[in-house]
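The values are calculated or read from the model by the stated rules, or taken from the named source; none is laboratory data. Note that the coordinates shown come from a computational prediction; the quantities given were computed from them, not determined experimentally. Neighbour counts run over all protein chains shown; Cβ positions are idealised from the backbone, glycine included.
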Amino acid sequence: MEKQVFDYIICGGGASGLLLANALLEDPHFKAKKILLIEKEDKNSNDRTWCFWEKSPGNFDGLLKKTWASATFKSEELHIDFKLEPYQYKMLRSKLFYTKIHLKIEAAQHLTLLKAEVLEIKEDGAFTQISTSKGIFESQKVFNSIFNPNALYAQKKYPVLKQHFVGWFIKTKTPQFDPEKVFFMDFDIPQEQQTRFLYVLPFDEKHALVEYTLFSEELLEKEEYETGITDYLKTKGITNFKIEEKEQGNIPMSCFPFEQFNTPSLLNIGTAGGWTKASTGFTFMNTHRNVDRLVSFLKSEKPLNQFQTKNRFRFYDLLFLDVLLKYNDQGSNLFHRMFAKNKPLTIFRFLDEKTSFMEELKILSSFSFNQIRWFLSALVKRVF
Ligand SMILES: Cc1cc2nc3c(=O)[nH]c(=O)nc-3n(C[C@H](O)[C@H](O)[C@H](O)COP(=O)(O)OP(=O)(O)OC[C@H]3O[C@@H](n4cnc5c(N)ncnc54)[C@H](O)[C@@H]3O)c2cc1C
């Protein structure tokens, strides 16, 4: 079969594939490049609800479903409401995002969206070759966002937790929610020896997305998440409601070095590239930032495996996951100490990997003596 050659090929047109396609379309430097994007699905539904914190104006402000200026953190002993300024917490639903970028792709001469299934990606000298259900393609620069979990789950060196959840979009009979405030984490629920919390995103007084979420190793039966939501709503006096939509997710949380699979002609991106923040599961903004850096990097024409995403925060995340895996029943206490002893905005900056080393030491010092011992023990095990 004849191969078709492109300057760039993007495998997978989900969040990271489309963010990259969009960034390449927006930069006139890439106008003369021939680009192919391969996606097996139509991608025309709300299969994802992405939330992130960001200063305004942001690139997706025109597409947002809702923004919040305040947030709440709650554990058994702590309840803090805080202003997010200078950030806003933003919600983007995937359908509008997909549609907007698909329209841009349709209007572009140099980027083709091919609906096909990628069957194999393999290196062929200086090229990477993609076999698909609709032909064979190759390029010296391939970006892959198709996540293959096999290598991640086959190893034991790096802990793998999951951020897993079921969410209901509900409508209540009477006003129940404060639409100005997002419930970032509510740990004040039975922990069942794990790290469990509710995440509540109110759209108005009667509408909210309510998600029962865990950071743990194993998934639950679907009924357990759903009972978790119903029980939680009951404790808030909400029994009369209608479920308008449902979503569920299972996001890997790991510091596994996905970049080991990158080659001069292949770069893994998005979750497949390890761009999910290991300690939280947040991926969207991280990917957006990495895509911005990647677009500048591409202008240097360097081999793709020289693109760096590793920094000291990866090591902090690794220690955090070591501790959270071993003491999964203590997640609530760990987050409680962090929020009790630090300004919430410092925590958001820390999660954005924008704090100074001194601030990071201060965050570490907010943990209890016992908790610090767990981190030090994890550190010793990793270093020696
Ligand atoms: C329900 C849900 C909610 C989430 N909410 C948030 C959030 O609030 N904030 C946040 O930061 N992160 C969130 N995440 C995590 C993360 O942002 C998303 O998973 C994000 O979509 C990851 O982007 P990606 O490009 O790596 O993967 P995807 O968006 O999954 O893209 C991969 C694409 O590859 C395609 N594909 C797969 N196999 C093939 C094949 N063989 N051939 C061709 N195409 C293929 C898929 O159809 C898909 O479109 C959420 C995840 C889920 C599941």
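From (1) under 30 Å from Glu138 (Cα atoms); (2) charged (D, E, K, R); (3) surrounded by fewer than 21 Cβ atoms within 10 Å (Cβ to Cβ), pick out the condition that doesn't hold for Glu39.
(3)
Being acidic (Asp, Glu), away from the ligand (no atom under 11 Å from the Cβ) and assigned to a strand (DSSP E or B) is the filter here, so list the residues in region 243-262 that pass it. Full working, then the answer.
Start the filter on region 243-262 by keeping residues that are acidic (Asp, Glu), which leaves 244-245, 247, 259.
Filter once more, keeping what is away from the ligand (no atom under 11 Å from the Cβ): 244-245, 259.
If the condition is that a residue be acidic (Asp, Glu), away from the ligand (no atom under 11 Å from the Cβ) and assigned to a strand (DSSP E or B), then Glu244, Glu245 are the ones that fit.
Conditions tested, residue by residue: (1) under 25 Å from Gly13 (Cβ atoms); (2) over 18 Å from the mean Cα position of the chain (by Cα); (3) not assigned by TED's automatic domain parsing to the domain that holds Ile189.
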position	(1), (2), (3)
Cys51	yes, no, yes
Glu54	yes, no, yes
Trp68	no, yes, yes
Thr72	no, yes, yes
Phe82	no, yes, yes
Gln88	no, no, yes
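Of all the residues that make up region 4-23, how many are hydroxyl-bearing (Ser, Thr, Tyr) and on the phi > 0 side of the Ramachandran plot? Show your work before the answer.
So the first thing to find is which residues in region 4-23 are hydroxyl-bearing (Ser, Thr, Tyr), and the list is 8, 16.
So of that shortlist, the ones also on the phi > 0 side of the Ramachandran plot come out as none.
Residues in region 4-23 being hydroxyl-bearing (Ser, Thr, Tyr) and on the phi > 0 side of the Ramachandran plot: 0 in total.
Going residue by residue through region 239-249, is there one that turns out to be within 22 Å of Phe183 (Cβ to Cβ), surrounded by 21 or more Cβ atoms within 10 Å (Cβ to Cβ) and assigned by TED's automatic domain parsing to the domain that holds Met185? Outline the logic, then answer.
Applying the first criterion (within 22 Å of Phe183 (Cβ to Cβ)) to region 239-249 yields 239-249.
Subset that is surrounded by 21 or more Cβ atoms within 10 Å (Cβ to Cβ): none.
The answer is no, given that none of the residues of region 239-249 is within 22 Å of Phe183 (Cβ to Cβ), surrounded by 21 or more Cβ atoms within 10 Å (Cβ to Cβ) and assigned by TED's automatic domain parsing to the domain that holds Met185.
Output yes when any residue across region 148-169 is closer than 30 Å to Glu85 by Cα, away from the ligand (no atom under 16 Å from the Cβ), touching a residue at least 12 places away in the same chain (Cβ under 8 Å) and assigned to a strand (DSSP E or B), and no when none is.
no
When region 276-289 is examined, which residues are found to be more than 7 Å from the ligand (Cβ to nearest atom) and farther than 16 Å from Tyr316 by Cβ?
His288, Arg289
Sort through Thr235, Thr271, Thr239, Thr213 and tell me the only one that's under 22 Å from Leu84 (Cβ atoms) and among the hydroxyl-bearing types (Ser, Thr, Tyr).
Details: Thr235 fails: under 22 Å from Leu84 (Cβ atoms); Thr271 fails: under 22 Å from Leu84 (Cβ atoms); Thr239 fails: under 22 Å from Leu84 (Cβ atoms).
One residue alone meets the criteria, Thr213.
Being crowded, with 18+ Cβ neighbours inside 10 Å and either part of a strand (DSSP E or B) or of a type in the set (Gly, Ala, Ser) (or both) is the filter here; which residues of region 98-113 pass it?
Leu111, Leu113
Quickly run through region 190-236 and pick out the residues that are outside any loop (DSSP other than H, G, I, E, B) and within 15 Å of Ile251 (Cβ to Cβ). Even if it seems obvious, please write down each step before you answer.
As a first pass, look at region 190-236 and keep what is outside any loop (DSSP other than H, G, I, E, B): 196-202, 207-216, 222-235.
Across region 190-236, the qualifying residues are Phe197, Tyr199, Glu211, Tyr212, Thr213, Leu214, Phe215, Ser216, Tyr225.
With the requirement that a residue be within 20 Å of the chain's Cα centre (by Cα) and surrounded by fewer than 20 Cβ atoms within 10 Å (Cβ to Cβ), what does region 319-330 give you? Explain how you work it out, then say what you get.
Filtering region 319-330 for residues within 20 Å of the chain's Cα centre (by Cα) gives 319-322, 324-325.
Hit for region 319-330 is Leu325, nothing else.
List pairs: first residue in region 43-61 and crowded, with 18+ Cβ neighbours inside 10 Å, second residue at pLDDT 95 or above and of a type in the set (Asp, Glu) anywhere in the structure, Cβ distance under 7 angstrom, at least six positions apart or on different chains.
So the pair list comes out as Thr49/Glu247.
Show me the helices (runs of 4 or more DSSP H) found entirely inside region 265-384 where at least 2 residues are modelled with pLDDT of 95 or more, outside the structural domain of Gly13 (by TED's automatic domain parsing) and in contact with a Cys (Cβ under 6 Å, 6 or more places away or on another chain). Before you say what the answer is, go through the steps one by one.
Values: elements: 284-298, 312-326, 331-341, 344-351, 357-365, 369-383.
The qualifying helices (runs of 4 or more DSSP H) are 312-326.
For region 215-229, indicate whether the set of residues that are within 15 Å of the ligand (Cβ to nearest atom), acidic (Asp, Glu) and surrounded by 16 or more Cβ atoms within 10 Å (Cβ to Cβ) is non-empty.
For region 215-229, residues within 15 Å of the ligand (Cβ to nearest atom), acidic (Asp, Glu) and surrounded by 16 or more Cβ atoms within 10 Å (Cβ to Cβ): absent.
So which strands (runs of 3 or more DSSP E) are wholly in region 1-97 and hold at least 3 residues that are within 12 Å of the ligand (Cβ to nearest atom)? Show your work before the answer.
Numbers: elements: 3-5, 8-11, 35-39, 49-55, 66-68, 70-74, 79-83, 87-93.
Hits in region 1-97: 8-11, 35-39, 49-55, 87-93.
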